Amino acid sequence: MDNTLKIAISPPVQLGGTLFTPEQLMKIGSVVGSDSKIEMTGFGQLYIEIPFEEAELIEEQLRSIGLKVYPVGFVTKGLIACHFCKGAEEAGLEIAQTLNQAIAGIAIPAPIKVGYAGCALGTSEPLLKDIAVVKMKNTFDIYVGGNPKGVKVTLGSKLLSGLTEDRLVPVITTVLEFYKANAKPKEKFNKFVERISLEQLRQVAA
Ligand code: SF4
């Protein structure tokens with residue numbers, strides 16, 4: 001019987017992007033053991049397997065050195081944010097951290113990636129994510145339905161524009177809750193958007 005638990009870990013949403021400290025990497029290496037594998041995912045999280053009976057303690061130790069710990073599988077992944085090169089305030093670091101806190105690890109019908117860009121240059125490629133947030137000076141635009149896989153890559157379509165900061169988290173969580181409540185089993189988010197229609201999702205989100 002498998003006696004391990006797979007978890008996802010990442011640094012916090014921060015200036016400079018997905019940066020680990022040497023202390024964090026050493027701690028990760030020590031909790032998994034020398035004969036383990038550490039998987040680097042395409043969405044900025046490391047997957048590790050830890051002993052099931054020590055999971056709570058290990059997760060607490062990882063959090064105590066600044067790491068984020070999430071479940072794996074059919075959940076919302078941690079926010080895939082840009083490097084905030086324009087600075088914390090101009091690029092919206094604080095609201096990105098709040099958004100990550102609100103969405104990461106929510107159980108949903110199929111895994112979802114949410115992208116965030118601190119300006120319209122979008123160097124974090126947000127429109128290739130299921131849900132994208134792009135900061136436009138003092139407001140935010142939201143896109144849905146991006147899909148980078150296969151030979152028919154799809155860019156996200158604009159769902160709402162000109163959102164003020166206070167509306168950002170409620171709108172994104174409303175979209176996720178609507179998807180969770182109305183998707184077919186394992187229905188991918190981009191397929192769900194196609195089936196429900198952008199217009200209906202817009203009405204729900206607004
Ligand atoms: S999206 Fe804009 S703020 Fe963020 S790293 Fe790229 S250029 Fe900088």
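The values are calculated or read from the model by the stated rules, or taken from the named source; none is laboratory data. Note that the structure is a prediction, hence the values are computed from the model and not measured. Note that each Cβ is placed from the backbone with ideal geometry, even for glycine, and that neighbours are counted across all protein chains shown.
Points to keep in mind about this one:
- Filtered by the rule that a residue be in a loop (DSSP other than H, G, I, E, B), in contact (Cβ under 8 Å) with a residue 12 or more places away in the chain and not polar (S, T, N, Q), the range 126-175 gives K129, D130, G145, G146, P148, V153, L155, G156.
- Count of the range 44-68 residues which are within 13 Å of P12 (Cα to Cα) and touching a residue at least 12 places away in the same chain (Cβ under 8 Å): 8
- For first residues located in the range 14-32 and closer than 13 Å to Q61 by Cα, partners that are within 16 Å of the ligand (Cβ to nearest atom) and in a loop (DSSP other than H, G, I, E, B) and lie 6+ apart or on another chain with Cβ distances below 8 Å form the pairs Q24/P11.
- Checking the stated criteria, A206 turns out not to satisfy the condition of being of a type in the set (G, A, S) and modelled with pLDDT of 95 or more.
- Sole exception among (1) of a type in the set (S, T, Y); (2) in contact with a helix residue (DSSP H, G or I) (Cβ under 8 Å, 6 or more places away or on another chain); (3) under 27 Å from K149 (Cβ atoms) for T41, by number: (2)
- Q97 vs. criteria touching a residue at least 40 places away in the same chain (Cβ under 8 Å) and within 24 Å of K129 (Cβ to Cβ): yes
- Residue list for the range 1-15, restricted to those being over 28 Å from T123 (Cα atoms) and either assigned to a loop (DSSP other than H, G, I, E, B) or in contact with an Asp or Glu (Cβ under 6 Å, 6 or more places away or on another chain) (or both): M1, D2, N3, T4, K6
- Counted residues, the range 145-159 - those being modelled with pLDDT under 95 and buried (at least 16 other Cβ atoms within 10 Å of the Cβ): 2
- Flag if F178 is in the same structural domain as E89 (by TED's automatic domain parsing), outside any loop (DSSP other than H, G, I, E, B) and either in contact with a Ser or Thr (Cβ under 9 Å, 6 or more places away or on another chain) or within 16 Å of the ligand (Cβ to nearest atom) (or both): no
- Any strands (runs of 3 or more DSSP E) falling wholly within the range 16-120 and containing at least 1 residues that are more than 16 Å from the ligand (Cβ to nearest atom), aromatic (F, W, Y) and touching a strand residue (DSSP E or B) at 6+ places or on another chain (Cβ under 7 Å): 46-51, 68-70
- Evaluating I142 against the criteria (1) in the same structural domain as S161 (by TED's automatic domain parsing); (2) surrounded by fewer than 22 Cβ atoms within 10 Å (Cβ to Cβ); (3) not basic (K, R) leaves one unmet condition, (2).
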